[in-house]
Amino acid sequence: MIEEEGIIIQTFDNRAKVRTIRSSACEGCAAASFCHPEKGSKMIIEVINPIHAKVGDRVKIGLKPGVYLKASFLIYLVPIIAFIIGAIIGKELAASFLHTNDPDLWAIIGGAVLLIPTFIAMRLYNRKIEKDKSYQPVILEVM
């Protein structure tokens with residue numbers, strides 16, 4: 001389980017906003033600017049609060065490692081795979097039907113054309129899993 005410590009700054013319903021300090025793992029991550037766009041070492045995360053911790057409590061939050069791996073796969077590999085498949089299809093279609101000597105342009109177009117619906121599908125899937133509590137960080141304990 002991926003764990004982080006922080007301080008609760010706001011609570012509402014069964015959720016809380018927790019201010020954490022970026023760990024050293026964030027330093028080398030290529031997606032750090034997307035995940036935590038604020039400057040500096042502090043970040044705010046909205047988490048599920050099943051233990052009803054209060055504002056000012058120091059807490060440990062966690063995220064299942066399977067969720068992290070699945071998100072990484074979706075963010076990085078799915079678009080690359082879609083682009084490669086689109087490029088192959090575009091190049092083959094150009095070679096077969098257009099009889100062009102330079103199918104590379106069509107490979108790029110094919111990759112881009114398949115990439116667009118892939119991003120739309122990923123966005124729709126993201127909206128679906130945003131509501132699933134098993135994909136959200138949870139307060140594990142008050143420290």
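Please report the net charge: other residues with Cβ closer than 15 Å to the Cβ of T100, K and R +1, D and E -1. Charge balance in the 15 Å sphere: -2. Under 5 Å from the amide H of I51 lies no amide H of any residue 5 or more positions distant or on a separate chain, with H modelled from the backbone and absent for Pro and chain starts. The lysines whose alpha-carbon is closer than 23 Å to the alpha-carbon of K128, local same-chain residues fewer than 8 away aside, are K17, K64, K70. Counting every C-alpha pair in the range 45-143, the share spaced more than 16 angstrom apart comes to 67%. Two tests apply to each whole DSSP H helix in the chain, Cα reach of 15 Å or more along its axis and mean Kyte-Doolittle hydropathy of at least 1.6, and the ones passing both are 78-93.
Along the range 54-59 the Karplus relation, 6.51 cos²θ - 1.76 cosθ + 1.60 evaluated at θ = phi - 60°, assigns HN-Hα couplings of 10, 4, x, 5, 8, 10 Hz to successive residues, with x for each Gly and Pro. Counting only protein heavy atoms and a probe of 1.4 Å, the accessible surface of the range 35-143 is 69% carbon and sulfur. When Lys and Arg each count +1 and Asp and Glu each count -1, what net charge do the other residues less than 13 Å away from D13, Cβ to Cβ, add up to? Residues near D13 contribute +2 overall. Eigenvalues of the alpha-carbon gyration tensor of the range 80-131, scaled by 5 and square-rooted, set the equivalent ellipsoid semi-axes at 30, 7, 7 angstrom, largest first.
The values are calculated or read from the model by the stated rules, or taken from the named source; none is laboratory data. What you see is a predicted model; the values in this text were computed from it and never measured. Cβ coordinates were reconstructed from backbone atoms using ideal geometry, including for glycine residues, and neighbour counts include every protein chain displayed. Keep in mind that these areas ignore ligands, DNA and RNA; they rest on the heavy atoms of the full protein, side chains included. Shrake-Rupley method; radii C 1.70, N 1.55, O 1.52, S 1.80 Å.
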